[in-house]
Amino acid sequence: MSASIENNLPGIVAECGGSCACATCHVYLSPEYGDIFAEPTEEEVDLIEYLEGSTGESRLSCQLIVGDADREIHVRVADSR
Ligand code: FES
């Protein structure tokens, strides 16, 4: 989420600034990256559950903290309108 906002990329609104309260940072994350990020919290799962278009690959990008990952990570941005 931060990388998107800082680089003025379209699609990530991030109304709550990353506090896991708005879900306007919805992305689809391929399972191949599952080992890089922590499992979603109950709070994140609850928000995603009510999103239109959510799938098993849905994540809130503000909760995807990139640590020392040394490989490219691709996400698909969901429609946040
Ligand atoms: S920026 Fe609001 S939930 Fe991610």
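The values are calculated or read from the model by the stated rules, or taken from the named source; none is laboratory data. Keep in mind that this is a model prediction, so the values were computed, not measured. Positions of Cβ are generated from backbone atoms using ideal geometry, with glycine treated the same way; all protein chains shown enter the neighbour counts.
Structure notes:
- In the range 21-37, the qualifying residues are those that are within 11 Å of S61 (Cβ to Cβ) and of a type outside the set (G, A, S), and the one that is nearest to the ligand (Cβ to nearest atom) is C25.
- Positions within the range 1-15 being surrounded by fewer than 16 Cβ atoms within 10 Å (Cβ to Cβ), part of a loop (DSSP other than H, G, I, E, B) and either among the hydrophobic types (A, V, I, L, M, F, W, C) or on the phi > 0 side of the Ramachandran plot (or both), in sequence order: N8, L9
- In a residue-by-residue description of the range 69-78, the property of being in contact with a His (Cβ under 7 Å, 6 or more places away or on another chain), within 13 Å of the ligand (Cβ to nearest atom) and touching a residue at least 40 places away in the same chain (Cβ under 8 Å) applies to at least one position.
- Complete set of residues in the range 38-58 that are touching a strand residue (DSSP E or B) at 6+ places or on another chain (Cβ under 7 Å), within 13 Å of the ligand (Cβ to nearest atom) and assigned to a loop (DSSP other than H, G, I, E, B): P40, L51
- Whichever residue in the range 29-62 is aromatic (F, W, Y) and surrounded by 10 or more Cβ atoms within 10 Å (Cβ to Cβ) and, among such residues, is farthest from the chain's Cα centre (by Cα): Y33
- The range 20-43, residues that are in contact with a helix residue (DSSP H, G or I) (Cβ under 9 Å, 6 or more places away or on another chain) and modelled with pLDDT under 90: none
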